[in-house]
Structure formats: C-alpha cells, structure tokens
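Each remark here refers to the structure printed beneath this line.
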Amino acid sequence: MLVSARSFAEYRAMFALTDRDLDQRVLDCPGGAASFVAEAGRRGIDAVAVDREYAVHREELGLLVERESRFKRELLVQETAGFTPSWYADTDDLIRQWSANARLFRADIAARPERYVAGALPELPFPEASFDLVLSSHLVFSYGNRLGEEFHRAALLELARVARREVRLFPLMVYDTRERYGGLERLREELAGAGIGSRVERVAYEFQPGDGEMLVLSCAGYRAPPAAAPPATAVDPVRWRHREAARPGE
C-alpha cells in the first residue's frame, strides 16, 4: 500500500463536496498524509483525520510520504501508464503535488495534533454519531482483492456507526484489477437490511480510468448493535521501501 497525500481540492472533487457539506463536522478515514484537514482548518471547517500511521509515524509521516513517492517514481510511472491526464499532468507532477500536500500535513499535525487521531478500521476510537459526514478514500474498495469481504462489511458498518448523516467512499474500483469491486451489490443489500441506505454517484474526479464513482451511505436511521470484537484481518502494513533499500547488504 502506498500512503498518498491528496489535497483539499481533490477531496472536494472525489466526494462531490459542497459548501453545505463542509459546514458540518467531517472525518477523513484514513487520512494518511493528505492536506485535507490542514486546508479545511484554514477555512474554518471542523475536520478530523484518523489513521493507524499516526500511532507509529506521527511526526515523520509527511516526510516519509515525500521520500517514498520519489523512491517509487518508476513504479508509479508503470502503474499510471495509459491513464488519461486529469488531475496530474504526469508522474512527476503527481509527486510534486503530493510532496507539497505532505508538507502542509506535517505543519498542521505539529500545530494541531488533536485533529489527527490514531486508529484504524474496522474499529475506530470514536463514539457513535461523532461526525456528520465521514469520508473514506482509496482503501476499502481499492484493496478489495486483499482485505476480504468480512473486512469490507465490518469497515462499512463501522464508518456508518460514527456518522450521523452520511458516509462517502471513493473509489469503487479495485486498484490492481481496475474493475469495480465484485461484492459491492451484495454488501449494499446487507447494509440495507441493517437500515443503511446507499447509492452510487458519478463524481468529477478520476485517478484510474473509469474509477469516477463514489458510494454514499445514508446513516441517519442506523443504530449500531452492542460492540463486539472486530474480525481478524490481514491488512498489509505500510512499508517504507526507500528505507529498506538504504540498509547495508540489501
């Protein structure tokens, strides 16, 4: 998994965020090194980010993302071959933008540490209905062939638990296969049975060709059952390859 550092403007596009949407309490899950919360704070928006990396790489995460993106340049060139230029002109532009966003993140997590909470799906460290709107990008379905359907089910229910109004997830495409996550409709049926409505919407943002869709969960009528132990998952840890490559003998 590559930790990204997307901007406030990208979040507005990928989640179709209006000014009214942003006049609420917002959670970014997982936040990574995105500058969304930092830029939201400058605009007076009540936004919080949660990510497991805030527990282990809190002070250096932004710098690690900058270095890792540069180190993986050739891999990014290969993986984005054939993409239609939209938000990024090319791979070097992507790295430049992510680096700038990561620097904003670094400054903000130092200045406002309370806005960055250590935690991870499928069990978040927040009470029920803590946020009006919850945003989740490039995790739940992006790694659909690695995380397993049980994780997806638990993650969606947990995101709905902490959302008072809506959850928005982007994209619906599996990163490796470049196809929509195969279990999506089955999960939507299960969510409907739990009182969580859903819809798929087109958005004015694509990273991979054809991935311009988000899933919106309506959570106003959902009440989570008593807490149970989260399911075991095999989530791949973030690995900083630029560090490993610098080790003697490797």
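Please tell me if residue 5 is within 22 Å of residue 134 (Cβ to Cβ), touching a residue at least 40 places away in the same chain (Cβ under 8 Å), among the small types (Gly, Ala, Ser) and open to solvent by 30 Å² or more (accessible area, probe 1.4 Å). It is false that residue 5 is within 22 Å of residue 134 (Cβ to Cβ), touching a residue at least 40 places away in the same chain (Cβ under 8 Å), among the small types (Gly, Ala, Ser) and open to solvent by 30 Å² or more (accessible area, probe 1.4 Å).
Picking from 74, 60, 66, 53, which residue would you name as being modelled with pLDDT under 95, open to solvent by 10 Å² or more (accessible area, probe 1.4 Å), among the acidic types (Asp, Glu) and in contact with a Leu (Cβ under 6 Å, 6 or more places away or on another chain)? Going through 74, 60, 66, 53 in turn, just one is modelled with pLDDT under 95, open to solvent by 10 Å² or more (accessible area, probe 1.4 Å), among the acidic types (Asp, Glu) and in contact with a Leu (Cβ under 6 Å, 6 or more places away or on another chain): 53.
Filtering the range 148-188 to residues that are among the aromatic types (Phe, Trp, Tyr), outside any helix (DSSP H, G or I) and surrounded by 21 or more Cβ atoms within 10 Å (Cβ to Cβ) leaves 170, 181.
Scanning the range 132-147 for residues that are within 23 Å of residue 164 (Cα to Cα) and open to solvent by 20 Å² or more (accessible area, probe 1.4 Å) gives 132, 138, 139. Exactly one residue out of 209, 226, 237, 231 is touching a helix residue (DSSP H, G or I) at 6+ places or on another chain (Cβ under 8 Å), at pLDDT below 95 and not in a helix (DSSP H, G or I), and it is 231. Just so you know, in the range 95-106 the residues that are in contact with a helix residue (DSSP H, G or I) (Cβ under 7 Å, 6 or more places away or on another chain) and aliphatic (A, V, I, L, M) include one that is least open to solvent (accessible area, probe 1.4 Å), and it is 102.
The values are calculated or read from the model by the stated rules, or taken from the named source; none is laboratory data. These numbers were taken from a predicted model, which means no experiment stands behind them. As a convention, Cβ positions derive from the backbone with ideal geometry for all residues, glycine included, and neighbour counts pool all protein chains shown. Surface areas here come from the heavy atoms of the whole protein model, side chains and all, with no ligands, DNA or RNA. Shrake-Rupley method; radii C 1.70, N 1.55, O 1.52, S 1.80 Å.
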